[in-house]
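Engineer: Pasting a structure here, questions to come.
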Amino acid sequence: MTMIELALRVFIVDDEAPARNRLRELLQDCSDQLALDVVGEASNGQEALDKLVETRADVVLMDIRMPQMDGIELAQHLQKLPVPPVIIFTTAYDAYAIKAFELRAIDYLLKPIRLGRLFDALSRARDAVPIQTEVLRELLPDPRKHLSIHERGKIHLVPISDVLFLRAELKYITVKTAEREYLIEESLTALEKEFVTRFVRIHRNCLVAKEAIVGFQRGGDENESGWMVKLKDVEEALPISRRQQYLVKEFK
């Protein structure tokens, strides 16, 4: 008895409807020789995340250049899924595609996409492994525009511009916005490096948004510098360590 090959579940992400339609047509042609099922499509990052939380996909065909959030950042957020899909980028920009290829990180399709190339990429996808977040960050030198929060079975995107402070507590990072707090599992040191132009370290366990600083006040316990920082939309004042007390003069 021969085993029945399970259909490859494919999801399409592209902000241009004609491009999505073209991929659907090519995938239909591929289905004559390769068992596959197009399980959905999205025109932007948030829509893709919402749908992929509900709909399992083995492979995501994703455009790199999209407004609001490019494909490389979206791919980073998709790593928060319980079973991350294999990413195949589609791009009309040679530089991006070549860089990805040289790092041997992922497969890519150069637009206009050819049927044979798509078939080969999908055939390899069964044995591929999801791209590592560290490699994606190498492909995207600019910092992310969002943090992704996996909460109650969904992935929420929190704009970096809304974050007031990031505080390490045990193995989690508390992400504070004016509206609420979130928890993420990331390295505070890595976040400091990625968002160095936006945040400043005030303590070994805390980064604050430079634009959120509204003033300083005396306070804190004996182990600190004696200074606290006040942030807009944050009721509590945050302690500044002795090592970082130079910030009081720098921001005054």
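Rule-based calculations on the coordinates, nothing more; no lab input. No experiment lies behind these values; they were computed from the predicted model shown. Cβ: placed from backbone, ideal geometry, glycine included. Neighbour counts: every protein chain shown.
Engineer: Out of the stretch 163-231, which GluC sites (Glu not before Pro) are coil in DSSP terms and have no more than 10 other C-beta atoms within 10 Å?
Structural biologist: Glu179, Glu185, Glu222
Engineer: PRE reach from Val214 (point 7 Å along Cα→Cβ): which of the stretch 162-182 fall under 13 Å by backbone N?
Structural biologist: The answer is 178, whose backbone nitrogens lie closer than 13 Å to the label point.
Engineer: Can I ask one more? Reachable lysines from Lys154, Cα under 26 Å, same-chain residues fewer than 8 places away excluded?
Structural biologist: Reachable lysines: Lys51, Lys80, Lys145, Lys171, Lys176.
Engineer: Could I ask something else about it? Between (i) 20.2; (ii) 18.2; (iii) 19.5, which matches Kirkwood radius over Cα pairs in Å calculated for the structure shown?
Structural biologist: (i)
Engineer: Along the charge dipole of the stretch 1-93, pointing to its positive end and built from +1/-1 on Cβ of Lys, Arg, Asp and Glu, which listed residue (Tyr93, Pro67, Ala7) has its Cα farthest out?
Structural biologist: Most positive-ward Cα: Ala7.
Engineer: Still on this model: Given 0.36 nm per residue, what is the gain on full extension from Arg126 to Gln28 after removing their alpha carbon distance, in nm?
Structural biologist: 33.5 nm is the gain from fully extending Arg126 to Gln28.
Engineer: Take the Cβ-Cβ distance between Val196 and Asp50 as r, set R0 to 35 Å, and report the resulting FRET efficiency rounded to the nearest 0.05.
Structural biologist: Plugging the Cβ-Cβ distance into 1/(1 + (r/R0)^6) gives 0.70.
Engineer: Using the Cα centre of the chain as the reference point, and only Cβ charges (+1 on K/R, -1 on D/E), how large is the resulting charge dipole? Debye, rounded to the nearest 20. Intermediate results must be reported in sequence, preceding the final value.
Structural biologist: Details: 36 positive and 41 negative charges, 165 e Å.
Roughly 800 debye for the chain.
Engineer: What is the ratio of the Cα radius of gyration of the stretch 8-139 to 2.2 N^0.38 Å, where N is its residue count, to two decimals?
Structural biologist: In units of the 2.2 N^0.38 Å rule of thumb, it is 0.94.
Engineer: For the stretch 175-210 and the stretch 123-144, compute the distance between their C-alpha centroids and round to whole Å.
Structural biologist: That distance is 24 Å.
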